[in-house]
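This report refers to the structure that appears directly beneath it.
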Amino acid sequence: MRSPRTQTRWRIGIYDPSRSPSGPSRYVDSLLRGLDPDEFEVVIFGHPGGPFGSRPGLPVEDTEGAGAGPAEADGDNPMRGGRPLGALARHGWRRLAPTLVKHWGGFGRECVRLSRIFRRRPVDLLHTNNTGCEESPVAARMAGISRVIGTFHVDSSYDLARTRSGPGHRALERLSNHCLHRAIAVSEATKDDWVRRTGLPTERVDTIHNGVDPEAFRRRIAPAEARARLGLPGGGKLLVGGVGRLHEAKGFADVIEAVALLAGDYPDLALAIAGDGPLRISLAERASAFGVADRVHFLGFHRDVRPV
């Protein structure tokens, strides 16, 4: 594949399928702030309604609306009408095939689909913000991208659904990670874990710790004013705060239970959570079930919590 690099700028592609702001998308945001637009031309491969979809001057190549492929076309899907007998014959193998075959088949189809999308917008380098058992590095190689890198944000023990085990999954992990020309790990422990698990050459993985500017989080307004801005109780309340997506991985269900356990000893204890996500309703129900709904305050999504 001929290099698409122009005379003045390198073309950088970043694959991030995030549908809403998250830790990984903030990581991408920090990368974007550090890329000189006079030197690099950047394109996001991701969801057009995601965190980068409305940013001026930043093109987003849609990875969601490209069509689901012939197996999911309306006429072929037995749940969408069309010719049901023919569709059942074509899709019946999915019920009979071993899980391993379905897993590998789905992985392969997604690699082909993504590779077609990557070919639409040729780049000199693709950074995939997803690594582990992911299709994107394989798809990038299939698309002929000459430099493919990715970031390991978590180690392999991050498996809340308990699906990342077994020889079939491990083989796909190895295939995916060995398609990376270079990789970034956010800690030495994360690097060691993936090197050991998938046999990556250690010299191909660099550790770059997540950087946090402490000055950005220095208190700028008085606590009472901050609480008033957020609609939180004042008057000497012992307030515990949490920031993050309302997702199982963030552990807010455990924090709510902890508040319930401590409520008897700390009558002024309250919890404020800034963030949104799929567990918003269930977390509120959990607070009610533990009898601490009046102590738990859901602040919703805040793009920037640093001022308070």
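No lab work stands behind these numbers, since they all come straight from the coordinates. These numbers come from a predicted model, not from an experiment. Here the Cβ positions follow ideal geometry from the backbone for every residue, glycine too, while neighbour counts run over all protein chains shown.
Using Cβ contacts closer than 10 Å as the measure, can you line up His247, His153 from fewest to most?
Working: His247 15, His153 19.
Result, fewest neighbours first: His247, His153.
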Provide the FRET efficiency to the nearest 0.05 for the Arg220-Arg55 pair, computing r from the beta carbons and using R0 = 25 Å. 0.45
The stretch 98-241 - percent relative contact order, Cα under 8 Å, separation 6 or more: 19
Starting with the fewest neighbours, write out Thr190, Thr128, Thr202 ranked by other beta-carbon atoms found within 10 Å of each beta-carbon. Thr202, Thr190, Thr128
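Averaging sequence separations of C-alpha pairs under 8 Å and six or more residues apart, then dividing by the length of the stretch 219-300, give the relative contact order as a whole percent.
Numbers: 97 pairs, mean separation 27.1, N = 82.
Reported as a whole number, the value is 33 percent.
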In what sequence do Ile117, Ile281 fall when counting other Cβ within 10 Å, fewest first? Ile281, Ile117
Whose amide H sits under 5 Å from the amide H of Leu269, counting only residues 5 or more places off or on another chain, with H placed in the peptide plane? Leu238
Tabulate in residue order the Karplus-calculated ³J(HN,Hα) for the stretch 111-118, using 6.51 cos²θ - 1.76 cosθ + 1.60 with θ = phi - 60°, rounded to whole Hz; enter x for Gly and Pro. 4, 5, 4, 5, 4, 5, 5, 4
Have a look at the DSSP beta bridges in the stretch 219-300 and tell me what percent are antiparallel, nearest 5. 10
Residues whose built amide H sits under 5 Å from the amide H of Thr128, excluding neighbours closer than 5 in sequence, are Tyr15, Ile149, Gly150, Thr151
